[in-house]
Amino acid sequence: MTEVGTGSLLVLVFAPFGKDAALIERVLAPCAMNITVLPKLEELGVAISEDAGVAIITEEVLQNGAITALAKRLSDQPPWSDFPILVLTGGGLSTASTESAVRSRAPLGNVTLLERPLRPVTLISAVRSALLARRRQYEVRDHLRERAAAEDALRRAHDALESLVEQRTAALRRLSVKLLRVQDEERRRIARELHDSLGQDLTAAKISIDMLAQERTVDSPHLRDARSLVDRCIADTRTLSHLLHPPLLDEAGFASAAKWYVEGFGKRSGIVTKLELPQQIHRLPIRMETALFRILQEALTNVHRHSGSRAVQVGVALDKMSVVLTVRDFGMGVPREVLDRFWKTGNVGVGLAGIRERLKELGGFLEIESNLDGTMLRATIPTSAADGLESDDKALLSPGRYPSAIPAD
């Protein structure tokens, strides 16, 4: 904090009539005060600045016009400032006119009246007290400036940290989105490899077994077992390939893929399923349909693993503004503290975090309502997310990119 001494503050003297200015200067000069005598009221208004400590004025100059001009200058002071003014008044009894004069000086604010004649020690004491009070005002000013500087530095640091957090968050989100896309591409690739390699080999093995069975006159139980094993492998390979990436999703759209998956989920898990789709649902961009299908997969997987529900309802609603996927179970619900931790940190598991990241990529949002009667997950994607995705569809739908269904026996 900057130390302001009383000796460095200006003592302004405005007493243009008679010898008052000279007498005041003569009394205060031995006290090592920084005295400035001003001949005009305008100069006094200019001199009242942060370097000034106190003003000594004789009452003869304080006419209505002078008081108004001086009060206007004092009104421009900063909030911490209350500039002191010592007014040397005339002696005598108090009259109605003198009381009116006192009231007229009220706009000047911090005014101290010193009745003449006064002893030099009285004037010196009054000036020193005013300078000491003014110095304390400067200490308040310096404290406010340091506080403002500290707040400004803290604000800049906060803004820089917030910007850094936003950059890191955006980088992590881009990485998460890229990871999800790579995951989807890998699923497509593995599904294609299962179809083109293992699926075709199993089909060829089945054909060979069928031809071998036709050549033999006696039906061998080992041959029957081999045929049964190959049939089962073909069915399992087809199911695995379709679960990784169902051809229906690309060939017929999300609605057909959802019907196939929900029906299969019910058969595999033993959970009663119900699917409600709009009567007319048009094709969406592949990335949007893929996101909806993966969200459906993850939501139903969570129902099977964690809810203990015996039934699940899946609904899809589509309008001009958004497409909404709803999955509702009737299980034990999600504990409140788990949901709170998920919304705050996202640290509950990769399933829900992946759902939220898929939705954020498309400008959508996730809602979860849970109680003792079950849990409802609602995923909403704005239809405006379809803008700009068509070019991606052309790359994704290049010829030979996706397998067709593995033929059944």
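The values are calculated or read from the model by the stated rules, or taken from the named source; none is laboratory data. If you're wondering where the values come from, they're calculated on a predicted model, not measured in any experiment. Cβ placement follows ideal geometry from the backbone for every residue including glycine, while neighbour counts extend to all protein chains displayed. What goes into the accessible areas is simple: the full protein's heavy atoms, side chains included, and nothing from ligands, DNA or RNA. Shrake-Rupley method; radii C 1.70, N 1.55, O 1.52, S 1.80 Å.
Check which residues have an amide H placed less than 5 Å from Val323's amide H, if you skip close sequence neighbours.
Ile381, Thr383
For Met321, Met33, give me the order by solvent-accessible area with a 1.4 Å probe, most accessible first, ignoring ligands, DNA and RNA.
Final ranking, largest accessible area leading: Met321, Met33.
First check a/c for region 46-87, with a ≥ b ≥ c the square roots of the eigenvalues of its C-alpha gyration tensor; if it is under 1.5, answer rounded, and if not, answer prolate when a/b is larger than b/c or oblate otherwise.
Numbers: a/c = 2.29, a/b = 1.46, b/c = 1.57.
Oblate is the answer for region 46-87, as a/c is 1.5 or above yet b/c matches or exceeds a/b.
State, as an integer percentage, the relative contact order of region 157-306 based on alpha-carbon contacts under 8 Å between residues 6 or more apart.
20 percent
Residues with beta-carbon under 15 Å from that of Lys40, excluding Lys40: net charge, scoring Lys, Arg +1 and Asp, Glu -1?
That works out to -2.
Please list the non-local residues whose amide H lies under 5 Å from the amide H of Ile35, H modeled 1.01 Å from N, same-chain partners needing a gap of 5 or more.
The list, which skips near neighbours in sequence, is Val11.
Given a Förster radius of 30 Å and the C-beta distance between Val182 and Glu251 as r, what FRET efficiency does 1/(1 + (r/R0)^6) yield to the nearest 0.05?
The formula returns an efficiency of 0.85 here.
Tabulate in residue order the Karplus-calculated ³J(HN,Hα) for region 336-345, using 6.51 cos²θ - 1.76 cosθ + 1.60 with θ = phi - 60°, rounded to whole Hz; enter x for Gly and Pro.
4, 5, 5, 5, 4, 5, 5, 5, 7, 10
Sorted by average packing, counted as other Cβ atoms within 10 angstrom per residue and highest first, what order do 255-265, 121-131 take? Don't skip to the end; give the middle numbers.
Working: 255-265: 18.9, 121-131: 17.0.
So the order, starting with the most tightly packed, is 255-265, 121-131.
Show the residues, 5+ positions off or on another chain, whose built amide H is closer than 5 Å to the amide H of Leu88.
Residues meeting the criterion, in which the H sits 1.01 Å from N, are Ile57, Thr58, Glu59, Leu114.
Output the pairs from Lys178/Lys360; Lys40/Lys72; Lys320/Lys344; Lys19/Lys40 with a Cα-Cα distance over 23 Å in this structure; if there are none, say none.
On the way: Lys178/Lys360 13 Å; Lys40/Lys72 16 Å; Lys320/Lys344 31 Å; Lys19/Lys40 15 Å.
From the list (Lys178/Lys360; Lys40/Lys72; Lys320/Lys344; Lys19/Lys40), the Cα-Cα distance tops 23 Å for Lys320/Lys344.
When the Karplus curve 6.51 cos²θ - 1.76 cosθ + 1.60 is applied with θ = phi - 60°, which whole-Hz ³J(HN,Hα) does each residue of region 24-41 get, with x for Gly and Pro?
Whole-Hz 3J(HN,Hα) from phi for region 24-41: 4, 5, 5, 6, 8, 4, x, 8, 6, 9, 8, 9, 10, 8, 10, x, 10, 5.
Along region 123-131, what does the Karplus equation 6.51 cos²θ - 1.76 cosθ + 1.60 (θ = phi - 60°) give for ³J(HN,Hα), rounded to whole Hz, x for Gly and Pro?
5, 4, 5, 5, 5, 4, 5, 5, 5
Lysines near Lys274 by alpha-carbon distance under 19 Å, same-chain residues fewer than 8 away left out - which ones?
Lys259
If I take R0 = 56 Å and measure r between the Cβ atoms of Ala149 and Asp319 in this structure, what FRET efficiency does the formula 1/(1 + (r/R0)^6) give, to the nearest 0.05? Don't skip to the answer; put the middle values down first.
Details: r = 54 Å, r/R0 = 0.97.
Efficiency at R0 = 56 Å is approximately 0.55.
Taking a ≥ b ≥ c as the square roots of the Cα gyration tensor eigenvalues, with a/c under 1.5 meaning rounded and otherwise prolate when a/b beats b/c, else oblate, which class fits region 133-259? Could the numbers behind the result be given before it?
Numbers: a/c = 7.31, a/b = 5.84, b/c = 1.25.
In terms of gyration-tensor shape, prolate.
Asp236 versus Glu263, label points 7 Å from Cα toward the beta carbon: distance in nm?
About 2.4 nm, to one decimal.
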